[in-house]
Amino acid sequence: MASIKAKKDLEAQQQHHQKHKEELPSEAFNETDMLLQWNKFAQKMTDSGKRLLATYMQMNDPTLNGTTITLELPNQSTKEEFTTGYHELLGYLRGKLHNHDITIEVVVNETVENKYAFTPQEKFERLQQINPTLDVLRKTFDLDV
């Protein structure tokens with residue numbers, strides 16, 4: 001009986017401490033405010049050694065539509081890794097922007113992945129996409145990639 005009473009007391013105490021949805025702040029903010037806080041949090045993550053989350057946050061600038069922040073990531077695995085650690089980010093943004101209606105939506109865009117070139121061959125191909133006459137230079141001077 002004592003454990004049931006203790007459980008009911010705990011539930012009553014938790015309900016007392018939880019704010020109702022209507023009481024949570026929902027101040028207006030713009031995309032500039034959001035980007036400023038977004039970048040501050042990314043820097044905070046870098047400084048604390050959580051560089052992976054910061055890297056995902058800085059791959060693309062997020063966009064704002066109402067209270068929904070949309071971030072575009074290059075593939076499904078990055079999306080899954082980002083969504084496992086983004087709760088701290090969401091709490092930070094909600095607190096700093098004084099709006100608890102904020103949500104973060106992650107969109108996978110496979111074409112974004114093409115932006116990153118790692119090997120010399122990939123870098124050359126990427127530069128060649130930007131400037132097709134680069135291949136003429138390579139052939140004229142008999143250059144290796």
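The values are calculated or read from the model by the stated rules, or taken from the named source; none is laboratory data. Quick caveat, the model's predicted, so the values are computed rather than measured. Glycine also receives a Cβ, built like all others from the backbone with ideal geometry; neighbour counts cover every protein chain displayed. Accessible surface is based on the protein model in full, side chains and every heavy atom, while ligands, DNA and RNA are left aside. Shrake-Rupley method; radii C 1.70, N 1.55, O 1.52, S 1.80 Å.
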- In Hz, Karplus ³J(HN,Hα) per residue of the range 84-91 (6.51, -1.76, 1.60; θ = phi - 60°; x = Gly, Pro): 6, x, 8, 5, 5, 4, 4, x
- Query: Sorted by accessible area (1.4 Å probe), largest first, how do ARG126, ARG94 line up?
  - Reply: ARG126, ARG94
- For ASN99, distant residues with modelled amide H under 5 Å away: GLU27
- Query: What list of ³J(HN,Hα) values in whole Hz, one per residue of the range 126-138 in order, does the Karplus curve 6.51 cos²θ - 1.76 cosθ + 1.60 (θ = phi - 60°) give from phi, with Gly and Pro shown as x?
  - Reply: 5, 5, 5, 5, 6, 9, x, 6, 4, 5, 4, 4, 4
- Note on the structure: Taking only protein heavy atoms and a 1.4 Å probe, the highest-to-lowest accessible-area order of THR103, THR70 is THR103, THR70
- Mean separation of Cα contacts under 8 Å (at least 6 apart) over the residue count of the range 52-100, i.e. the relative contact order in percent, is 28
- Counting Lys and Arg as +1 and Asp and Glu as -1, what is the net charge of the other residues whose Cβ lies under 13 Å from the Cβ of ARG51? 0
- Task: For GLU72, list long-range residues whose amide hydrogen, built 1.01 Å from N in the peptide plane, is under 5 Å from its own amide hydrogen.
- Result: VAL107
- When only the heavy atoms of the protein chains count and the probe is 1.4 Å, how do LEU53, LEU89, LEU24, LEU143 rank by accessible area, highest first? LEU143, LEU24, LEU53, LEU89
